[in-house]
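A short worksheet on the structure shown next.
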Amino acid sequence: MRLRSPLKEVGEDRLVARFRELASAGLGDGILVGPGDDAAAIRIGDKRVLLLTCDMMVEEVHFRRDWASSEQIGWKALAQNLSDIAAMGGEPAFVVSSIAAPGHTDQEVVEGIARGLIACASRYGATLVGGDLVGSPGPIAVDVAVTGWVEDDLLVRRSGARPGDVVVVTGALGAAAAGLVALRRGLAEKPEAEVTRALQAHREPQPRLAEGRAIAGARRATAMMDVSDGLANDLPRLCAESGVGARLYVERIPVDPACAAVADKTSADAVALATSGGEDYELLFTCPSGAIQEIAAAVSAASGSPVTVIGEIVPGDSVTLVDARGKARSLGTGFNHFAVSRTATS
């Protein structure tokens, strides 16, 4: 890769690969997972592993203040980090956050973001313990880092999927993407029930921490990650880490009813929203086919959430989506962080 290549041409995955290359020399024996997974994992005792993750949200790229309250912005900024902890089978612990804002920003905006962070932390058993406030020419940016922990024998990485495993997701997909479509199309002004649910999924995502603990606790999952950039982006990442391919089936994709309702109102493709939309923060995992009933029972007992087998892991490196007739269909592209100069939300 040319070092002067624009980031939109390099892409997030190639850039992360480059960071992994640069960081590899400094990773000691205690670093179980470095750059490239949902969270870093560092051994801190005989049986415990420290998890560490961070994510940033930038105004007009990840959120608009006329589409979400300050509290919702703070909630979402933390929820996406907690989802990374869930993807490793972990429990969250402590949170620090930095907020950059122009000097003319109302104090209430920043306090609202803090209230949202604290509300989300309280809901999921984490504690906000510090951070930083800095001035900026704009726009507002919110950066969050979270620590967590997991037992060393329950840590689940992206890299363990094997041919013959089934591909599974928790919950349903597409509601958050449908919420974004609803905002773009003006459906949020007088929303019906399903539109309201789509808007909530977009503004206040619910990280699947209980589900992640249950999946890891069953000790049968071979790989796991969260669905943050869309199934179309995230499954290929899991497959690349595991050195395998995958085959998905259109009729098995669990499209959220809110997604289907918004798609019907806007002539959007519900399956495309469910596979490419992103920000669902459901968990994507693989396991032997014989383990799915045990894992499904554990997840249901922990949270009431369903799990759905959507395909299988295959040899090779291709990820394909096929319809009921066996015809290949585009999986889509998911969210490209460097392909937009302004929001994905505009």
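With the highest mean first, a sort of the peptides 123-133, 282-292, 302-312, 22-32 on other beta-carbon atoms found within 10 angstrom per residue produces 282-292, 302-312, 123-133, 22-32. Sum -39500 (n - 2.57) across every DSSP H segment of at least 4 residues in the chain, then divide by the residue count to get the 222 nm mean residue ellipticity, nearest 500. Taken over the chain, the calculation gives -10500 deg cm²/dmol. With a cut-off of 15 Å between beta carbons, the residues surrounding A39 carry a summed charge of -2, where Lys and Arg count +1 and Asp and Glu -1.
Which of I44, I73, I85 ends up with the largest GNM mean-square fluctuation for the chain, with Cα atoms connected below 10 Å? Of the options given, I44 has the highest mean-square fluctuation. By the gyration tensor of its Cα atoms, with a ≥ b ≥ c the square roots of the eigenvalues, what is the shape of segment 37-151: rounded for a/c under 1.5, prolate for a/b over b/c, or oblate? Cα axes put segment 37-151 in the prolate bin. When +1 charges are put on Lys and Arg Cβ atoms and -1 charges on Asp and Glu Cβ atoms, the dipole computed for the chain relative to its Cα centre reaches about 600 debye. Using bins of 10 Å that start at zero, the share of Cα-Cα pairs per bin across segment 166-329 amounts to 11, 39, 34, 14, 2, in whole %. With N as its number of residues, the chain has a Cα radius of gyration that, divided by 2.2 N^0.38 Å, comes to 0.96. Considering only I140, V167, A188, whose Cα is most displaced toward the positive end of the charge dipole of segment 132-188, charges sitting on Cβ of Lys, Arg (+1) and Asp, Glu (-1)? Comparing the listed Cα positions along the dipole, A188 ranks first. For segment 166-329, the dipole from Cβ point charges (+1 on Lys and Arg, -1 on Asp and Glu) about the Cα centre works out to 140 debye, to the nearest 20. Amide H to amide H, with H built 1.01 Å from N, I310 comes under 5 Å of V167, V168, V169, counting only residues 5 or more places away or on other chains.
What would the Debye formula give as log10 I(q)/I(0) at q = 0.18 Å⁻¹ for the alpha-carbon point model of segment 280-335, no solvent? Ignoring solvent entirely, the Cα scatterers give -0.84. How far apart, in nm, are the 7 Å Cα→Cβ label points at D13 and R185? Using points 7 Å along Cα→Cβ, the separation is 2.9 nm. Taking the Cα centre of segment 37-151 as origin, work out the dipole magnitude from +1 charges on Lys and Arg Cβ and -1 charges on Asp and Glu Cβ, in debye rounded to 20. Dipole magnitude for segment 37-151 comes out near 260 debye.
Of the residues E279, E60, E251, the one that moves most in a GNM of the chain with alpha-carbon contacts below 10 Å is E251.
Over all distinct Cα-Cα pairs of segment 150-256, the Kirkwood formula returns a hydrodynamic radius of 15.6 Å.
Taking the fewest neighbouring Cβ atoms within 10 Å as the starting point, the ordered list for V16, V95, V33 is V16, V33, V95.
A simple count of charges around R48, restricted to other residues whose Cβ falls under 11 Å of its Cβ and scoring Lys, Arg +1 and Asp, Glu -1, yields -3. Note on the chain: GNM, Cα springs under 10 Å; of H104, H202, H62, the largest mean-square fluctuation is that of H104. Simple rule: put +1 on each Lys or Arg Cβ and -1 on each Asp or Glu Cβ in the chain, find the dipole, and look at P92, L128, A263; the Cα lying farthest toward the positive end is A263.
Just so you know, all these numbers are worked out from the coordinates, no wet-lab data involved. Since the model is a prediction, treat every value here as computed from it, not as a measurement. Neighbour counts run over all protein chains shown; Cβ positions are idealised from the backbone, glycine included.
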